Amino acid sequence: MFFNRAQTTIEALLILAIAIFILTFFMSTVYNQIYNNNILEQQKIGASAVKLLAKEVNDAYFLGPGTVKNVRVFMPRLIDYNNSYIIGKSIVLRVAKTDYVSSTKVDVRGSWPNRSGVSVFSVRAFGDFVTLEDQPVSFSPAQLSVLLLQGNSTDKNIVISNTSASQVVYNFYNEFPSAGSDVLLSTSIINPITIASGAFETIPLSLSCTRDAFGAYYGKVVFVPTDINDANLSVPIKLVCNYAQEKLSLFPTEKIISISAQGTATDSILVCNSSPLAFEDVKASISGAASNYVFTNFFESVPADSCSTIPLSISAPASVGTYAGTISVSSTGYSSTANISLVVS
């Protein structure tokens, strides 16, 4: 009986030892799998980072000198900074003993930030090279482009984010537009602007086009640091002002003329000039089925900011029905159209 108990104990210990071995082997396999998956994940992040930065460098280069972009990039862990570099036309990042390389169309100059997690890179295009710099203070958007109609305004926000380890203090200066006074920019922000570490500040801007503004207007807003060791930062602004309405237009845009069969009559339609200059030699013409019964010989100037009357002569056909057509006016590259319906009863 003692022998049977001893045998049972030995068998139990043997089973326990086998179970521990299997569990140890399983845990080791799981750990290795998790470790390898972590390496693969970090390597994928590294590959995405160099690919994104190369794309942004090329985009900035093709957009031309003066282009500035702020790009948010997630930096992986396990980076070998001694063998990672940004030089020539190569962006190289070594992650877990593997190099990830992206080539650029232009020489690029810069350096990697010595940290993992989110980093903001300032991409700036010059004549024959592009700089790629870690930027603890970034703007969103990095540059502002706005389209407005004459006499209109809009509100836009610029968000400044501070990812540095200390607070930053800036004074805001308005340098928009760089020339002329047909457009305006204002803000309610009060200097100085203090942004705590890891925080952000929203800069509200109001942009407007005067009634006479037309075309593209350029300038920037500048943030000057109180620390003389820091560089000035700026956000380029482009504001395009378009005509609020057509310079040459017809009113109404749908002209309906009712007349009896074989009858004659006169009518009119207005041509309007909304520009500050006169249109010379404005010519009117009629096309479509209505042109066989509706006539005009209008060919004259239309003064600035005014309307002129286009006389119409109508000679109705014998057949009852609706005859559709189009009246057009044109002058010095500008034109406008309106629909005409001749209703014969």
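The values are calculated or read from the model by the stated rules, or taken from the named source; none is laboratory data. The model shown is predicted, which means the values in this text are computed figures rather than measured ones. For neighbour counting, all protein chains shown are included, and Cβ atoms are generated from backbone atoms with ideal geometry for every residue, glycine included.
Details
- Residue identified as out of contact with any His (no Cβ under 9 Å at 6 or more places or on another chain), touching a residue at least 40 places away in the same chain (Cβ under 8 Å) and farther than 23 Å from Thr226 by Cα among Val159, Val146, Val169: Val146
- Taking (1) outside the structural domain of Val320 (by TED's automatic domain parsing); (2) aliphatic (A, V, I, L, M); (3) part of a strand (DSSP E or B); (4) surrounded by 18 or more Cβ atoms within 10 Å (Cβ to Cβ) in turn, Ala213 satisfies each apart from (3).
- Filter pass, Ile10 being modelled with pLDDT under 70, in a helix (DSSP H, G or I), farther than 30 Å from Thr131 by Cα and not assigned by TED's automatic domain parsing to the domain that holds Gly110: yes
- Any chance Thr309 is in contact with a helix residue (DSSP H, G or I) (Cβ under 9 Å, 6 or more places away or on another chain), closer than 30 Å to Leu149 by Cα and at pLDDT 90 or above: no
- Being of a type in the set (A, V, I, L, M, F, W, C), without any contact (Cβ under 8 Å) to a residue 12 or more places away in the chain and over 30 Å from Ser313 (Cβ atoms) holds for only one residue in Ile237, Ile228, Ile203, and it is Ile228.
- In region 42-72, residue farthest from Trp112 (Cα to Cα) [restricted to those that are surrounded by fewer than 18 Cβ atoms within 10 Å (Cβ to Cβ) and modelled with pLDDT under 85]: Gly66
- Residue that is surrounded by the fewest Cβ atoms within 10 Å (Cβ to Cβ), among those in region 173-204 that are part of a loop (DSSP other than H, G, I, E, B) and in contact with a Ser or Thr (Cβ under 6 Å, 6 or more places away or on another chain): Ser197
- Some residue of region 312-330 being assigned to a loop (DSSP other than H, G, I, E, B) and within 42 Å of the chain's Cα centre (by Cα): no
- Single residue of Thr98, Thr67 found to be touching a helix residue (DSSP H, G or I) at 6+ places or on another chain (Cβ under 8 Å), over 20 Å from Val130 (Cβ atoms) and of a type in the set (Ser, Thr, Tyr): Thr98
- Residue check, Ala125 surrounded by 17 or more Cβ atoms within 10 Å (Cβ to Cβ) and at pLDDT 85 or above: yes
- Under the condition of being touching a strand residue (DSSP E or B) at 6+ places or on another chain (Cβ under 9 Å) and in a loop (DSSP other than H, G, I, E, B), the residues counted in region 62-100 number 12.
- If you go through region 199-216 and pick out every residue that is in contact with a Pro (Cβ under 7 Å, 6 or more places away or on another chain) and within 18 Å of Thr187 (Cα to Cα), you end up with 0.
- For region 101-159, the set of residues classified as touching a helix residue (DSSP H, G or I) at 6+ places or on another chain (Cβ under 8 Å) and assigned to a strand (DSSP E or B) consists of Val101, Ser102, Ser103, Val108, Phe121, Val123, Arg124, Ala125, Val130, Leu132, listed by residue number.
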